[in-house]
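Structure first, commentary second.
The values are calculated or read from the model by the stated rules, or taken from the named source; none is laboratory data. Not measured: the values here are computed from a predicted model. No Cβ is skipped: glycine too gets one built from the backbone with ideal geometry, and neighbour counts run over all protein chains shown.
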Amino acid sequence: MIPLPPTAPPGVATSESLASDLGCFPTPETYVALVRAFKDDGFELCADLCGVDYLEHPGRDLPDGVVPTRFEVVVNLLSLSKRQRVRVRVQAGDDEPRVPSLFDLYPGTEAMEREAFDLFGILFDGHPDLTRILMPEEWEGHPLRKDYAVGRVPVQFKEAPGPR
């Protein structure tokens, strides 16, 4: 397991993580500072950012001291020069999930944060354009939430052509 960068905020819980060299669990308040410390330490790429809804799995495995919430934001940082990968998992809240945006550190997260907002309803404070990216603007709700009502969208089929 690799160590935290020297400039990482104090008190960040860590653990071994599947498919990465280190798993980190900052609070929403230390989230950006931790990601900045990794960027300054040579993690050039934010490979992925996504939301997770743990409505049906509240008892997931977390390090001591990390209070689970329904929503979580998962960020995968990659250092090509060091050949290391770090996973950052921040608890985003229950009713109105919210974390700071990483756009100022990694501009490539702009679309990933919009997708997490659109599909899960996770708000990213400081995002330059937090609007829907996949669903129509008038769409109500967030379709990847576990409590989202399964609806029926009518599909219209063209009549099959007859023999020629």
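Below, the figures for the structure above:
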read-out: Scan of region 1-54 for residues that are among the acidic types (Asp, Glu) and under 18 Å from residue 71 (Cβ atoms), ordered by number; value: 29, 48, 53
read-out: Count of region 91-125 residues which are in contact with a helix residue (DSSP H, G or I) (Cβ under 6 Å, 6 or more places away or on another chain) and within 12 Å of residue 50 (Cβ to Cβ); value: 1
read-out: Among the candidates 30, 109, residue that is closer than 24 Å to residue 141 by Cβ and of a type in the set (Ser, Thr, Tyr); value: 109
read-out: Region 1-15 - residue that is in contact with a strand residue (DSSP E or B) (Cβ under 9 Å, 6 or more places away or on another chain) and of a type outside the set (S, T, N, Q) and, of those, modelled with the lowest pLDDT; value: 1
read-out: Breaking point among (1) over 30 Å from residue 136 (Cα atoms); (2) in contact (Cβ under 8 Å) with a residue 60 or more places away in the chain, for residue 53; value: (1)
read-out: Hits in region 1-32 (condition: of a type in the set (A, V, I, L, M, F, W, C) and buried (at least 17 other Cβ atoms within 10 Å of the Cβ)); value: 4, 8, 12, 22, 24, 25, 32
read-out: Members of region 16-45 found to be closer than 24 Å to residue 97 by Cβ, at pLDDT 95 or above and among the small types (Gly, Ala, Ser), listed by number; value: 23, 33, 37
read-out: Entirely in region 1-114, the strands (runs of 3 or more DSSP E) that have 3 or more residues that are of a type outside the set (Val, Ile, Thr); value: 13-17, 20-25, 45-53, 71-79, 84-93
read-out: Residue among 147, 129 that is surrounded by fewer than 19 Cβ atoms within 10 Å (Cβ to Cβ), modelled with pLDDT under 95, acidic (Asp, Glu) and not in a strand (DSSP E or B); value: 147
read-out: Long-range neighbours under 7 Å by Cβ, at least six apart or interchain, first residue at negative phi and among the small types (Gly, Ala, Ser) within region 97-120, second crowded, with 21+ Cβ neighbours inside 10 Å and modelled with pLDDT of 95 or more; value: 101/113; 101/124; 108/46; 116/49; 116/51; 116/73; 116/122
